[in-house]
Amino acid sequence: MIEKRDFYIDGRWVAAQQGQDCLVIDPSTEEPCAVIALGGTADTEAAVAAAKAALPGWRATPPAERLAFVERILEIYKRRAPEMGAAISLEMGAPIDMAVDDQAAAGTWHIENFIEAAKHFDWLKPLGPQAPGTMIAQEPVGVVALITPWNWPMNQVTLKAIPAMIAGCTMVLKPSEVAPLSSLLFAEIVDEAGLPPGVFNLVNGDGAGVGSQLSSHPDVAMVSFTGSTRAGIAITKAAADTLKKVALELGGKGANLIFADADEAAVKRGVTHCLYNSGQSCNAPTRMLVERPVYDRAVEIAREVAEATRVAPASEPGAHIGPVVSEVQYGKIQALIEKGIAEGARLVAGGRGRPEGLNRGYFVRPTVFADVVPGMTIEKEEIFGPVLSIIPFETEAEALSIANDTVYGLTNYVQTQDGARRNRLARALNAGMVETNGKSRGRGAFFGGVGASGRAREGGHWGIEEFCDSKAISGWAAE
Ligand code: NAD
């Protein structure tokens with residue numbers, strides 16, 4: 001059991017002034033594995049005050065010096081990656097090898113990409129030859145609140161904290177109360193890197209407490225949030241009275257369009273991706289749309305892949321999926337599986353209850369539904385569990401219309417050997433990202449969506465811009 005560690009404010013570890021304790025539950029065992037403090041108003045106030053006091057100094061620090069701090073963070077982060085993987089595995093149930101190789105490594109990947117982007121970032125540039133003396137500057141937004149979820153904890157923390165630092169913002173991070181341990185470790189890393197006190201602050205708390213206090217705080221200029229669409233709406237409303245900038249990265253209901261000429265591995269790849277991280281990724285391809293001539297075969301492959309997917313405790317090494325994060329998520333997923341059956345989808349793998357041999361822990365059976373009809377609850381709602389819906393289609397137009405008939409628009413996927421069709425669909429799909437034939441986004445590309453998926457652009461160059469306000473200056477003196 002990890003003993004209570006409190007907050008990191010103004011460069012020091014401090015005890016909570018208010019609020020209550022909260023147990024962190026290991027989802028593989030359902031046993032408490034740590035206790036944290038949930039902060040109250042006094043803690044939020046102290047953290048925002050520290051960030052506000054540190055802002056003038058940090059924004060005046062030359063970008064190259066800010067970047068040097070981030071390079072130091074990268075070094076320490078890499079050294080502590082095994083510990084980071086272990087913390088993530090314990091708090092949210094990612095299998096230990098995956099937690100180190102993918103979850104913790106996502107942080108390394110983002111920090112490296114931000115460092116590269118920062119080296120080429122135009123902090124001040126001429127508008128163009130048509131406007132002599134007009135310059136466009138990028139200025140830090142100010143004090144920013146970073147509110148993060150539990151599903152890819154370090155992916156999301158590094159996608160926010162690192163570009164905020166590079167941009168010259170000071171910040172208060174409120175990680176998910178469900179998975180706070182990795183963020184406490186991240187605060188240790190920042191501390192060791194020697195950032196000036198107050199640039200980075202961490203307060204643990206829940207959404208109703210610290211989350212909403214930050215979202216409505218007059219001294220916070222921006223909230224960068226990842227999580228549910230419900231909380232994204234609440235934060236946007238809470239931020240309205242103080243006219244904050246709000247960057248949202250929300251849920252998804254990714255469509256994966258598989259045509260008859262798709263490569264051999266397309267279906268297997270799609271199912272594996274859907275089940276990855278126990279289905280708890282906002283960009284998961286949870287709706288598999290399959291062209292009729294290859295539909296039956298695809299359903300069969302999906303069944304085989306789901307049945308061959310091992311489910312085991314997070315502490316076990318090797319390739320398997322772990323539990324889902326919490327009792328609440330387990331219950332929500334079970335109810336949606338139930339709903340799929342009740343609404344007449346054909347269950348071809350998995351289903352209700354835990355996998356055989358596991359009677360403790362929030363383990364869900366890798367589940368595949370076929371003959372899913374557009375409009376069914378499991379086709380519309382983000383399940384956030386290892387549950388795939390397969391839907392047949394006859395024509396490209398029909399596939400496009402099903403794929404786009406959702407409030408979400410994060411990542412869509414296309415599998416076909418026909419290049420012209422790939423390009424056509426990539427432009428026509430309503431999404432922030434489209435990945436084709438198993439190629440994931442290139443180094444330095446952003447992550448972000450449209451509509452109910454939020455419109456944040458996180459990562460690389462765009463991720464730094466998110467934390468900047470552009471300023472137009474005329475009459476700039478030649479130096
Ligand atoms: P959530 O949105 O409730 O929580 C995410 C973060 O927001 C946490 O830090 C939480 O404390 C905070 N928060 C919650 N309500 C808030 C409020 N009113 N004001 C300020 N902060 C608030 O997500 P959850 O309950 O952990 O998961 C619920 C659902 O959200 C999942 O089933 C899934 O569909 C979705 N989700 C999506 C993502 C994603 O990456 N898009 C990540 C996690 C969860």
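The values are calculated or read from the model by the stated rules, or taken from the named source; none is laboratory data. What you see is a predicted model, and the numbers here were worked out from it, not measured in a lab. Note that we place each Cβ from the backbone using ideal geometry, even for glycine, and neighbour counts take in every protein chain shown. Quick note on the areas: whole protein, heavy atoms, side chains included, nothing else; ligands and nucleic acids left out. Shrake-Rupley method; radii C 1.70, N 1.55, O 1.52, S 1.80 Å.
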Q) Does any residue of the stretch 414-427 turn out to be out of contact with any Asp or Glu (no Cβ under 7 Å at 6 or more places or on another chain), under 30 Å from residue 141 (Cα atoms) and either in a loop (DSSP other than H, G, I, E, B) or open to solvent by less than 50 Å² (accessible area, probe 1.4 Å) (or both)? A) no
Q | Yes/no for residue 154 being open to solvent by less than 10 Å² (accessible area, probe 1.4 Å), part of a strand (DSSP E or B) and either on the phi > 0 side of the Ramachandran plot or within 15 Å of the ligand (Cβ to nearest atom) (or both) | A | no
Q: Those residues that are β-branched (Val, Ile, Thr) and buried (at least 16 other Cβ atoms within 10 Å of the Cβ), I need them from the stretch 386-406; list them, please.
A: 387, 390, 391, 402, 406
(Q) Would you confirm, using the coordinates I've provided, whether residue 145 is under 29 Å from residue 48 (Cα atoms), among the aliphatic types (A, V, I, L, M), open to solvent by 10 Å² or more (accessible area, probe 1.4 Å) and not in a loop (DSSP other than H, G, I, E, B)? (A) no
Q. Does the stretch 306-329 contain at least one residue that is closer than 20 Å to residue 227 by Cβ, in contact (Cβ under 8 Å) with a residue 40 or more places away in the chain and surrounded by fewer than 23 Cβ atoms within 10 Å (Cβ to Cβ)?
A. yes
Q | Test result for residue 255, surrounded by fewer than 23 Cβ atoms within 10 Å (Cβ to Cβ) and more than 30 Å from residue 83 (Cβ to Cβ) | A | no
(Q) Filter the stretch 78-130 down to the residues that are acidic (Asp, Glu) and surrounded by fewer than 21 Cβ atoms within 10 Å (Cβ to Cβ) and list them by number. (A) 83, 97, 101, 102, 112, 116, 122
**Q.** Search result, residues across the stretch 148-183 that are in contact with a helix residue (DSSP H, G or I) (Cβ under 6 Å, 6 or more places away or on another chain) and charged (D, E, K, R)
**A.** 174
Q: Give 232, 168 a once-over and let me know the one that is of a type in the set (Gly, Ala, Ser), open to solvent by less than 10 Å² (accessible area, probe 1.4 Å), in contact (Cβ under 8 Å) with a residue 60 or more places away in the chain and over 24 Å from residue 325 (Cβ atoms).
A: 168
